Structures are given as C-alpha cells and as structure tokens.
1. Of all residues in region 137-152, which are in contact with a strand residue (DSSP E or B) (Cβ under 9 Å, 6 or more places away or on another chain) and not in a helix (DSSP H, G or I)?
2. Please tell me if residue 28 is in the same structural domain as residue 229 (by TED's automatic domain parsing), touching a residue at least 60 places away in the same chain (Cβ under 8 Å) and under 22 Å from residue 114 (Cβ atoms).
3. Out of all the residues in region 160-176, is one or more closer than 26 Å to residue 231 by Cβ and touching a residue at least 40 places away in the same chain (Cβ under 8 Å)?
4. Taking region 153-203 only, how many residues are assigned to a loop (DSSP other than H, G, I, E, B) and either buried (at least 16 other Cβ atoms within 10 Å of the Cβ) or touching a strand residue (DSSP E or B) at 6+ places or on another chain (Cβ under 6 Å) (or both)?
5. Evaluate region 64-86: report whether one residue or more is within 16 Å of residue 241 (Cα to Cα) and out of contact with any strand residue (DSSP E or B) (no Cβ under 8 Å at 6 or more places or on another chain).
6. Can you tell me which condition residue 134 does not meet? The list is (1) more than 23 Å from residue 14 (Cβ to Cβ); (2) without any contact (Cβ under 8 Å) to a residue 24 or more places away in the chain; (3) under 19 Å from the mean Cα position of the chain (by Cα), and all the others hold.
7. Evaluate the following for residue 81: is it within 27 Å of residue 12 (Cα to Cα) and either in contact (Cβ under 8 Å) with a residue 40 or more places away in the chain or surrounded by fewer than 19 Cβ atoms within 10 Å (Cβ to Cβ) (or both)?
8. Among the residues of region 113-122, is there at least one that is closer than 21 Å to residue 36 by Cβ and either in a loop (DSSP other than H, G, I, E, B) or touching a strand residue (DSSP E or B) at 6+ places or on another chain (Cβ under 6 Å) (or both)?
C-alpha cells in the first residue's frame, strides 16, 4: 500500500470553520489523502465520528489502514458525494454538525497514470475519478473522438474557459481523422501544437484548461456539486456548518450562489478565505484555492443582505454529448 503524497489545502481554516467538538458528527465528502478526515477525527475526540466519501477504491483502502486506530469513529465509503443525503440517512449522519468538501483533485490521482488526469504523464485518456464517477461510463476518449467539433469547442470554452477553444477543437478534429486519440500525452501534444507559440512556453501548461474541461464533463462535476450542496442542507442540524474549498471559478460561482440563494443557509464570510503565502510556497497547488462557509438556520434570523451581492445569475443551459444524453448547466 503506497503512502499518500497529497497535502490538504486550507486545513486549519476549514477546521476553524466547522469547529468540531467531542460527540459531533461530521462528513468529509472528499477523502483523498485523508488529511481533512484525520483533522476532524482528532478535533472531535474522543467520541466524535466522521463519515468519509471517495470515488477512488485505492484512496479508501489506504485510509482504512491509516484510520484503523480510530475504530468505529470513522466510516469510509466508496460513493459519489452527490448522494450525500441518501448515504448519510442510512449511516446515521442525517443530523450532522458539519460537512466539508475539498473539490481539488488529489495529488495521488494526478500522479496515477491509469486515471488519465495528467497532461504530463502517459496514460489512457479516461479521467473518471472512480467506477461511480458518472452514470453512463463516459470517458475523455469518447468525448475527444466521438463528439462533434462544435461540441468540443463549446465544452472547452465553457468548462475550461479556454480562449483558444476553436483552434484546439479544430486540431483535435484533424488529429482524430488520422488516428483515434487514446493517450493523455497524445492529446497534450495536439493541444500544445494548436495554441500560438507564445503560449507554449508560459508558466501554465497549454493543455491545463483542456484537461480540466474534459475532467469536469466526464465526472459531471457541476451537477454533482449542486446536488451535494442541496443534500447537505437537508442533513445539517440547526447551526451546523458546510465548508467548501474550490479551485476554479465555475465551482466557486456555484457555491457562492447556492449559499446566497438557499433560504436556510447564512454565509459566514462575504469573501472566500484563501491560502496564506506560506501555504502556497509549501504547496503550490493551493494557489487557486478558495474556502466558503455557511451555517444552517431554519428559524427567523438576520437578513442575508450583508453576505449577498447582486451579480447577475447566468441561466444559460448548455447541452453536450451524443444525442444530447448529457446535460450540463453552468448556472448556479
């Protein structure tokens, strides 16, 4: 069993936000390397309990060994966190004190070539985070090789916010006309060749946004997040808290608007918390992290105006996929 290489981001801030206590019930929707789960277990000792979700069987096997000493205080489950309400109800966590989601991709998964998530490691063009990542078996290879050029361009533009979406979609269409694109490094090379020369040598790899867009689509990440927030509201007890760490603007916008619009949630901070300079230096992958926190209130409470803004809500719905069998809505 390999040890984790993942470093949890904004761990102390998330812990402060949830203020775990002895006897409390907490859910870590994204187990990963287990850093947040361990912190919750330690802070809620000696009788607090933690339920952890992960799509990756390897992460759960590793955590089972790591947390053996905590006994029945820890439960790990291979499940998509979009089903948080249903699982919590069956596991006795339907009145929990806190819920945490760290939406960053685990470093353990990035360095695993079989996941196909890295544009710097050769592997199959899959990108599913686990067997339960989606409901139809969609892979990045299917998108790249079977979707229309226009669908790929729209996906890259909306999910990846990729300024060269058209050029990259054209390059993918040309490359697949010669041979199927089935490996991560093959796709990375296609994207690199498609962007202008000046963007091939920047600090950010030219395939970063393309791979992010494909991963979001394959794992249905935006709809999953919306369902998870809705389910979390149901299972939180009065004054229970939900803390969500995001790493890109699409996720952050969904969280921000969900906290704003939910009638029973009060945002704790108007602006998200971000990592300190020291944390970013020690863990560069933390640089884009943002933490938002909300507290559940079902009775009369203070006006939410202090924590809300008047940004326009984008209602556009975007459909992708063969026969439009997959619908993605980028609105909150």
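1. Those that are in contact with a strand residue (DSSP E or B) (Cβ under 9 Å, 6 or more places away or on another chain) and not in a helix (DSSP H, G or I): 138, 139, 147.
2. Values: in the same structural domain as residue 229 (by TED's automatic domain parsing): yes; touching a residue at least 60 places away in the same chain (Cβ under 8 Å): yes; under 22 Å from residue 114 (Cβ atoms): no.
Here the answer is no, as residue 28 does not meet what is asked.
3. Our first condition is that a residue be closer than 26 Å to residue 231 by Cβ; within region 160-176, this holds for none.
Looking for residues that are closer than 26 Å to residue 231 by Cβ and touching a residue at least 40 places away in the same chain (Cβ under 8 Å), one finds none in region 160-176, hence no.
4. Pass one, region 153-203, residues assigned to a loop (DSSP other than H, G, I, E, B): 160-164, 179-182, 195-196, 200-203.
Next, from what is left, pick out any that are either buried (at least 16 other Cβ atoms within 10 Å of the Cβ) or touching a strand residue (DSSP E or B) at 6+ places or on another chain (Cβ under 6 Å) (or both): 160, 162, 164, 181-182, 195.
The number of residues fulfilling the criteria is 6.
5. As a first pass, look at region 64-86 and keep what is within 16 Å of residue 241 (Cα to Cα): 84-85.
From the residues that got through so far, the ones that are out of contact with any strand residue (DSSP E or B) (no Cβ under 8 Å at 6 or more places or on another chain) too are 85.
Yes, the conditions are met somewhere in region 64-86.
6. Status for residue 134: all satisfied but (2).
7. Spelling it out, residue 81 is indeed within 27 Å of residue 12 (Cα to Cα) and either in contact (Cβ under 8 Å) with a residue 40 or more places away in the chain or surrounded by fewer than 19 Cβ atoms within 10 Å (Cβ to Cβ) (or both).
8. Step one: filter region 113-122 for residues closer than 21 Å to residue 36 by Cβ, giving 115, 117.
If we keep only those that are either in a loop (DSSP other than H, G, I, E, B) or touching a strand residue (DSSP E or B) at 6+ places or on another chain (Cβ under 6 Å) (or both) too, we end up with 117.
Yes: one or more hits.
The values are calculated or read from the model by the stated rules, or taken from the named source; none is laboratory data. The model shown is predicted, which means the values in this text are computed figures rather than measured ones. Because the Cβ atoms are built from the backbone with ideal geometry, glycine has one as well, and the counts that use them run over all protein chains shown.
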